[in-house]
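Notes to accompany the following structure.
The values are calculated or read from the model by the stated rules, or taken from the named source; none is laboratory data. Note that the coordinates shown come from a computational prediction; the quantities given were computed from them, not determined experimentally. Glycine gets a Cβ as well: all are built from the backbone with ideal geometry, and neighbour counts include every protein chain shown. Heavy atoms of the whole protein, side chains included, go into the accessibility calculation; ligands, DNA and RNA do not. Shrake-Rupley method; radii C 1.70, N 1.55, O 1.52, S 1.80 Å.
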Amino acid sequence: MVSKVSKASDGLAMPVPEPSWSLEAELWARGCTPVAGVDEAGRGALAGPVVAAAVMLPLGAHPYRDSKTLPALRREELADLIRRKALAWGVGVAAPREIDEVNVLRATHLAAARALSQLRRTFSPAGLVTDYLWLEDPAEVLPVPQADCRSFQAAAAGVLAKVTRDALMRELAVRHPGYGFEQNKGYGAPAHLEALEALGPCNSHRMSFRPITRLVVAPA
C-alpha cells in the first residue's frame, strides 16, 4: 500500500510506502518464522551513543511509522505501546568510546546484537527485517533501504530506538551543560558546533568524527 504525501521537484506527488507485512512475507516464504524488525538511531550524530532496537509484533495493522515523520510526543506514546503490546522487544546501546574504537557502523552492529540478545530472552527470530543493516546473525537478514517506512516491525524498532536515545541525550545534557544536547540530540546543529568551538568536546563526543578531531582543545 502507498500513500501520496511527498512531492517531486516538478510538483507531482510521489508515492510513499505505507508500513505492512510485505517484507516479513518475503522471509516467511523462505521458511523463516518468526521474524523481527531492527532499526537504529543516532548513527550520524557527533555525540552520544548509537542505539538499536529489535521488535516482534503480533500480526495485524499497527500505528507505527518512520520515527522521523512523527512528533516527539507521538513517538513517546508509541514507544510505550510497543513496550506493552509487542510480543518481544529489546534495546541495545553502543557508547561513544566504542564508536571511536571500532567505527560507527560496527558499533551499530554491536548495539543491534545487544538488542537482539534481549529480544531472544522471549523469542528467537529466524528472520530479521532491517533498515539496510547487513547484520551478521544466525537469523536470515533482509536488509532493505527505508524498511522503517515499509515494515510495521522495523518502524516500531525505529521508534523505540529514537525514544530511548532521546532520553539518554537528555541525561547527557544535564551532565554536560552548554552543548544543547536536549535540543540537538548530539547532531551537528549550528548551535552545537558553536558550543564545540567555545567549550571543546566533552567525553560524550565521538572523538573520531571529523568535526571533533579537528579541534585541538582537550576534552572537558
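Summary of values
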| item | result |
| --- | --- |
| Efficiency of FRET between residue 97 and residue 182 - r from beta-carbon atoms, R0 22 angstrom, step 0.05 | 0.50 |
| In degrees, nearest ten, helix 72-85 long axis to first principal axis of the chain (Cα) | 50 degrees |
| Carbon + sulfur, % of accessible area of the chain - ligands and nucleic acids excluded, 1.4 Å | 57 percent |
| MRE, 222 nm, helices only [DSSP H, n ≥ 4, -39500 (n - 2.57), over the chain, to nearest 500] | -12000 deg cm²/dmol |
| DSSP-loop trypsin sites (Lys or Arg not before Pro) across segment 100-170, with at most 13 other Cβ within 10 angstrom | 121 |
| Förster radius 41 Å - calculated FRET efficiency between residue 43 and residue 84 (Cβ-Cβ, nearest 0.05) | 0.90 |
| Nearest-ten-degree value, helix 190-199 long axis tilted from longest Cα axis of the chain | 40 degrees |
| Heavy-atom surface of the chain, accessible at 1.4 Å and reported per residue (Å²) | 49 Å² |
| Computed label-point distance, nm, for sites residue 18 and residue 105 using a 7 Å Cα→Cβ extension | 3.5 nm |
| Kirkwood-Stokes translational diffusion coefficient of the chain, alpha-carbon pairs, 4 °C, 1.567 mPa s, µm²/s | 72 µm²/s |
| Length gained when the stretch residue 175-residue 76 is fully extended (0.36 nm per residue, less Cα-Cα span) | 33.4 nm |
| Only Lys, Arg (+1) and Asp, Glu (-1) charged, at Cβ; segment 80-220 dipole about Cα centre in debye | 300 debye |
| Helix 104-119 vs. the chain, principal-axis angle (Cα, 0 to 90°, nearest 10) | 50 degrees |
| Alpha-carbon centroids, segment 132-150 and segment 163-220: separation in whole Å | 30 Å |
